[in-house]
Amino acid sequence: MSYAPTATRSRPGFGLLVVVYLVAGGIIAATHHYWSNLHNIKQIVSALLATVLWPLILVGINLHIH
């Protein structure tokens, strides 16, 4: 008696490229002082935006929310 092979599904999750992108964003945001002195929600949102939108930091756009 043989059984039909089951279909394998890929596991949902982060790809390696997404992880590398976010790590690079975290490093660049930290070197531009977005992750220092997180005392209010504006600074936290600025740090998160800087981590996700880090290419904008490299071209000189300031993502600090005032």
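The values are calculated or read from the model by the stated rules, or taken from the named source; none is laboratory data. Source: prediction; values computed, not measured. Here Cβ is always computed from backbone atoms with ideal geometry, including for glycine, and neighbour counts include all displayed protein chains.
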**Prompt:** In this structure, is I28 surrounded by 13 or more Cβ atoms within 10 Å (Cβ to Cβ), in a helix (DSSP H, G or I) and more than 13 Å from the chain's Cα centre (by Cα)?
**Reply:** no
**Item:** T51 being of a type in the set (V, I, T) and either modelled with pLDDT of 90 or more or touching a Gly at 6+ places or on another chain (Cβ under 6 Å) (or both)
**Value:** yes
